[in-house]
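Participant: I'd like to ask some things about the structure below.
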Amino acid sequence: RAMYIFCKATGIQHEIVLISTMREETKTDKFTALNPLQQVPVLKDGNFALTESVAMLRYLANTRDIADHWYPKDPKQQARVDEYMEWQHMGTRINCAKFFIEKWLLPMGTRIPPNEKKVEHLKDVMETTLEQVERIWLKNGEQDFIGGGKDVSVADLLAACEMEQPRMAGYDVRDKSPVLKLYMDRVQDRLNPHYAEAHVGLNEMVKKFKGEVPESHYKKIDA
């Protein structure tokens, strides 16, 4: 989602190629040649292939003519953006994902109810991370964007996309924090219509399941 929004919002020429992990399309010889880890996303620029979203965003920011606010050239401002992007791997990204996976994705895939104690623990860890985003990266709402910039950067793009994911597991950060609600709305308003386009699928899943795995989906165990 982040790469899609970035290319659309910056006007970078691109072609989207959809790859299905469910159909194991990442395990083909052709795809494995691009990414031996067999993961998405992958960026291909001529004969050059690159993996990992953060590396891809940096590469495009450094090789394309885009507005400076995305990835500032000023060393100190750029370092602030980098600072968040290095932290988010073990912060926003992993902790929002772990909650979503345990609460919703695994139960949908295995048809086995989630371990509620583990879900509650992962929710607590995620909420600690969200509090850090609010307090440290947004200065309790005193900063409109991560890093203190006056406009959206690649750090904000990554942060917002990661904080959307728990909605599929019934947790909307906007309902829990006025500061994060204002921030998420600000980022979305700045990046629409591309932000909305990138989240059509997610929004449809939220509308359909309302953050819950239907009881009828679980395997029936005979007594």
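The values are calculated or read from the model by the stated rules, or taken from the named source; none is laboratory data. Just so we're clear, the structure is a prediction, and the values are computed from it rather than from any experiment. So basically every Cβ, Gly included, is an ideal-geometry build from the backbone, and we count neighbours across all protein chains shown. Accessible surface is based on the protein model in full, side chains and every heavy atom, while ligands, DNA and RNA are left aside. Shrake-Rupley method; radii C 1.70, N 1.55, O 1.52, S 1.80 Å.
Participant: Picking from THR129, THR110, THR28, which is most flexible by a Gaussian network model of the chain using Cα springs under 10 Å?
Facilitator: Fluctuation is largest for THR28.
Participant: What are the ³J(HN,Hα) couplings of segment 93-105, residue after residue, when phi is run through the Karplus curve with 6.51, -1.76, 1.60 and θ = phi - 60°? Round to Hz, x for glycine and proline.
Facilitator: 4, 6, 7, 5, 5, 4, 5, 4, 5, 5, 7, 10, 5
Participant: Under 29 Å between alpha carbons, and skipping anything fewer than 8 positions from LYS150 in its own chain: which lysines qualify?
Facilitator: Cross-link targets: LYS8, LYS73, LYS76, LYS139, LYS176, LYS181.
Participant: Follow-up question, since we're still on this one. I'd like the accessible area for TYR195: 1.4 Å probe, protein heavy atoms, all chains in place, Å² to the nearest 10.
Facilitator: It works out to around 0 Å².
Participant: Okay, next question. In whole angstrom, how long is each semi-axis of the equivalent ellipsoid of segment 149-223, when you take the square root of 5 times every eigenvalue of its Cα gyration tensor and sort them from largest down?
Facilitator: Its equivalent ellipsoid spans semi-axes of 31, 13, 10 Å.
Participant: Then there is this: Students often get this wrong, so check it: of LYS103/LYS210; LYS117/LYS207; LYS103/LYS123; LYS123/LYS208, which have C-alpha atoms separated by over 18 Å?
Facilitator: LYS117/LYS207; LYS123/LYS208
Participant: Separate question: Taking a virtual spin label 7 Å from the Cα of GLU127 along the C-beta vector, which residues in segment 177-215 bring their backbone nitrogen under 15 Å of it?
Facilitator: It comes to 177-178, nothing else.
Participant: So what's the back-of-envelope 222 nm ellipticity for the chain, counting only DSSP H runs of four-plus at -39500 (n - 2.57) apiece and dividing by all residues, rounded to 500?
Facilitator: After summing the helix terms and dividing by residue count, I get -14500 deg cm²/dmol.
Participant: Got a number for carbon plus sulfur as a percent of the chain's accessible area, 1.4 Å probe?
Facilitator: 52 percent
Participant: Would you list the P(r) distribution for segment 70-138, with all Cα-Cα distances sorted into 5 Å bins from 0 and each bin expressed as a whole %?
Facilitator: All Cα pairs considered, the percentages come to 3, 17, 19, 17, 14, 10, 8, 6, 4, 1, 0.
Participant: Evaluate 2.2 N^0.38 Å with N set to the residue count of the chain, then give the Cα radius of gyration divided by it.
Facilitator: 1.08
Participant: At a Förster distance of 30 Å, what's the computed FRET efficiency of ARG64 paired with LYS30, Cβ-Cβ distance as r, to 0.05?
Facilitator: 0.70
Participant: Taking only C-alpha pairs under 8 Å that are 6+ residues apart, what is the relative contact order of the chain in percent?
Facilitator: In percent, rounded to a whole number, it is 21.
Participant: Return the equivalent ellipsoid semi-axes of segment 93-223 as a descending list in whole Å, where each equals the square root of 5 times an eigenvalue of the C-alpha gyration tensor.
Facilitator: Result for segment 93-223: semi-axes of 31, 17, 10 Å.
Participant: With r defined as the distance between the Cβ atoms of LEU18 and ARG135 and R0 fixed at 35 Å, what FRET efficiency is calculated, to the nearest 0.05?
Facilitator: 0.40
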